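Asker: Before anything else, here's the structure in question.
The values are calculated or read from the model by the stated rules, or taken from the named source; none is laboratory data. All values derive from a computational prediction rather than experimental measurement. Glycine gets a Cβ as well: all are built from the backbone with ideal geometry, and neighbour counts include every protein chain shown.
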Amino acid sequence: MFPHNSALNIELDFFYGYFSETLKDFYQNTGTLGKACLYTCLGKGKRIRPLLTLLSMENLNGSKLLGMRPAIALEMIHCYSLCHDDLPAMDNDDLRRGIPTTHKKFGEASAILAGDALLTDAFLILTSKKFPSLPQIPQHQLGTVIEEISTAAGSQGMVQGQQLDTEATGNAQNISLAHVSKIHAYKTGALISSAMAIGAWMATGSHEIKEKYRLAGAKLGTAFQIFDDLLDVEGTKESLGKTPGKDEAAHKLTFLSVMSQSDARELGEKLCCEAETLLRESAIHSKALFNLIQFLVTRDH
């Protein structure tokens, strides 16, 4: 999934092994709903958010295995958001990760319910005493982890961003860099910054380091969205695994609505450099974390 980067692929395989095993166990005997949930989650994917949690922990000399529950929960929530984003009432996409979207495979009703289940079940994964292969989150950290994820996922984060994005689609008013940045700070940045904050918190228990990693994550979230917008106009269906040019066709408000491609790329690279600088202020134990940041700048999918 990460071309020419075996180190990142090792990290991805480490996460995906636990992720797929846990979800297959969790959704066995749940009929069509479980099949739709697994279909939504277990296709190809970069798994950026869970990897940022695990690699942030590693960078601070923490245990990646201890961070597996929040990493899995974050990916479940991200997958639910994609499942709902693809629905006809939202982005109306037929392809995701190179395969038919969940509503194309299972129907709209099942796609809505699968998203509902993934969001809810993510919190059960965080707290359940099942899944012996996953260490329990320490009790003194669990409340903060739950607060972080629920804040990033709901009306204070991702869902608010989706609402603002919906309102801005086809609306020529309020077109400014500040407005675009606000939309994507919620829609994309909230989960990414929370992923890094959770990794830092679980590794160190330090609120100061947690907030530093949150800020780095916010910068990476904006950069990730900038490069996503660039790929929508520069990529192909084969490289992206979804239909390119959808944003412009749907009159979406993107970074390319307010700046040139070259200026957008320059801003994205600048934000990644600033995030790296913040992270290098702490001890460095994970080259993979910085490899992942570099991937965000150079990716073609």
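Asker: State all residues of the range 263-282 that are under 19 Å from residue 200 (Cβ atoms) and among the basic types (Lys, Arg); if no residue qualifies, say none.
Answerer: If the condition is that a residue be under 19 Å from residue 200 (Cβ atoms) and among the basic types (Lys, Arg), then 280 is the only one that fits.
Asker: Cβ contacts < 8 Å: first residue closer than 14 Å to residue 39 by Cβ, restricted to the range 83-98; second residue among the basic types (Lys, Arg), any location; separation 6+ or different chain. Result?
Answerer: Cβ pairs passing all conditions: 86/96; 95/237; 95/242; 96/242; 97/44; 97/242; 98/44; 98/242.
Asker: Among 75, 21, which is of a type in the set (Asp, Glu), modelled with pLDDT of 95 or more, part of a helix (DSSP H, G or I) and under 22 Å from residue 154 (Cα atoms)?
Answerer: 75
Asker: I'd like to know if the range 157-167 contains one or more residues that are under 21 Å from the mean Cα position of the chain (by Cα), more than 16 Å from residue 258 (Cβ to Cβ), part of a loop (DSSP other than H, G, I, E, B) and modelled with pLDDT of 95 or more.
Answerer: yes
Asker: Which count do you get for residues in the range 66-79 that are more than 15 Å from residue 147 (Cα to Cα) and touching a Phe, Trp or Tyr at 6+ places or on another chain (Cβ under 8 Å)? Before you say what the answer is, go through the steps one by one.
Answerer: We begin by selecting, within the range 66-79, every residue more than 15 Å from residue 147 (Cα to Cα); these are 66-68, 72, 75-76, 78-79.
Checking which are touching a Phe, Trp or Tyr at 6+ places or on another chain (Cβ under 8 Å) leaves us with 68, 72, 75.
Here the count works out to 3.
Asker: Shifting gears a bit: Where in the range 235-301 are there helices (runs of 4 or more DSSP H), lying wholly inside it, with at least 1 residues that are at pLDDT 90 or above and under 21 Å from the mean Cα position of the chain (by Cα)?
Answerer: 261-280, 287-298
Asker: Any idea which of (1) free of Cβ contacts under 8 Å to residues at least 24 places away in the same chain; (2) hydroxyl-bearing (Ser, Thr, Tyr); (3) crowded, with 19+ Cβ neighbours inside 10 Å is the one residue 80 doesn't satisfy?
Answerer: Condition not satisfied by residue 80: (1).
Asker: Between a first residue in the range 106-120 that is farther than 16 Å from residue 96 by Cα and a second residue that is small (Gly, Ala, Ser), which pairs have beta carbons less than 6 Å apart while being 6 or more apart in sequence or on different chains?
Answerer: So the pair list comes out as 110/36.
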